[in-house]
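Engineer: Pasting a structure below so you can have a look.
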Amino acid sequence: MKWTTQETFPPKYLHFDPETSHQLMCDKCPPGTYLKQHCTARRKTACAPCPDSYYTDAWHTSDECLYCNAACKELQYVKQECNRTHNRVCECEDGRYLEVEFCSKHRSCPPGFGVLKADVTLCEEAFFRFAVPTKVTPNWLSVLVDNLPGTRVNAESVERIERRHSSQEQAFQLLKLWKHQNKGQDTVKKIIQDIELCERSVRRHLGRANLTSQQLRSLMESLPGKKVAPEDIERTAKACASGEQVPKLLSLWRVQNGDQDTLQGLVHALKRLKAPRFPQAAAQRLRKAVRFLHGFAMYRLYQKLFVEMLGNHVQSAKISCL
């Protein structure tokens, strides 16, 4: 027997009425308006139109409208203007894609491939996730915004990150944005160089695994969540060098699964893979790459930026090995 639920319209929310000391089911406010006054036992919810340059795009209970993006950034054009029910929509110029908040040039794809989404490398993801505490405190994002050196991430971008991502993912997204905004700074240049060195090491570890197409399929099928299509695995196996195949496929998996933690997904897969379906020598190579990404090299990067710059605001990181 299948249970179904029927949503009420307009959508409702619970509100305590001080006049009657009862909980009331009030109507939410529609897109394009803000909550002016809660309902009472004698009157309905009062909603008012958003002012110019402000919007709400869903039924809600907020007493404020959201401020529209002030203007499109460099190398972007306006795809849709701001109105009361929609934010201003910006799109990158031809030949560029949106990477966090910036329009970057497309890179050449191998034959048979098209651009899905800007890649996040394993090393970049490991470093930024390493820097985020296991238990994110309510003010952690504010601490980062206030204390990171260089160009400060603006309030609109922070608000957007908070709306779109979970608490654990918010700091990761903020750090990516900060890195892109401060590419020219000496500290960030050094971090980028260290990440590039890390990537070369990871490619070397993964290349030595020498995975066949069938073994790549077994690995990707063992990952949790949505699966990478078999045809994408085949194309990757044919078009990419051995050290690039696993990172490319993990990037595809991450995109399909809502920006999940790639290394945790890989650890999950390695626990499920057994011989002879997957050779243990290859599994050991992958474990070695994971240990490297969770190990002392990433801890030193973490210490260099977050402990030295943010001091007591950050918690001690733990080095975890598979």
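Engineer: With label points built 7 Å along Cα→Cβ from the Cα atoms of N210 and E74, find their separation and express it in nm.
Structural biologist: 4.8 nm
Engineer: Let me ask something else about it. 5 Å is the cut-off here: which amide hydrogens, built 1.01 Å from N in the peptide plane, fall below it relative to H60, excluding neighbours closer than 5 in sequence?
Structural biologist: HN-HN under 5 Å from H60: C29.
Engineer: For the stretch 1-92, divide the Cα radius of gyration by the Kirkwood radius and give the resulting Rg/Rh value with two decimals.
Structural biologist: Taking Rg over the Kirkwood Rh, I get 1.15.
Engineer: Test of understanding: ordering T212, T61, T151 by Cβ neighbours within 10 Å, fewest first, what list do you get?
Structural biologist: Lowest to highest Cβ neighbour count: T212, T151, T61.
Engineer: Please list the non-local residues whose amide H lies under 5 Å from the amide H of N69, H modeled 1.01 Å from N, same-chain partners needing a gap of 5 or more.
Structural biologist: R88
Engineer: Considering lysine pairs in the stretch 176-274 that are 8 or more places apart or on different chains, how many have Cα atoms under 26 Å apart?
Structural biologist: Eligible lysine pairs with Cα atoms under 26 Å apart amount to 23.
Engineer: Follow-up. Got a sec to turn the phi values of the stretch 169-182 into Karplus ³J(HN,Hα) couplings, 6.51 cos²θ - 1.76 cosθ + 1.60 with θ = phi - 60°, whole Hz, x for Gly and Pro?
Structural biologist: Once θ is set to phi - 60°, the couplings for the stretch 169-182 become 7, 4, 5, 4, 5, 5, 5, 4, 5, 4, 4, 5, 6, 10 Hz.
Engineer: Restricting to lysines 8 or more places apart or on different chains, can you count the pairs in the stretch 1-92 with Cα atoms under 27 Å from each other?
Structural biologist: Count of close lysine pairs: 7.
Engineer: Any chance you could run the full-extension gain for D57 through D186? It's 0.36 nm times the residue separation minus the Cα-Cα distance, nm to one decimal.
Structural biologist: Value of the extension gain: 42.4 nm.
Engineer: Right, here's the next one. I'd like the FRET efficiency for Q264 and S201, computed as 1/(1 + (r/R0)^6) with the beta carbon distance as r and R0 of 30 Å, rounded to 0.05.
Structural biologist: It comes to 0.90.
Engineer: Based on the Cβ-Cβ distance of H86 and F9, what FRET efficiency does E = 1/(1 + (r/R0)^6) give at R0 = 25 Å, to the nearest 0.05?
Structural biologist: 0.75
Coordinate-derived values only; no laboratory data. No experiment lies behind these values; they were computed from the predicted model shown. Neighbour counts are summed over all protein chains in view; Cβ atoms, including those assigned to glycine, are modelled from backbone coordinates with ideal geometry.
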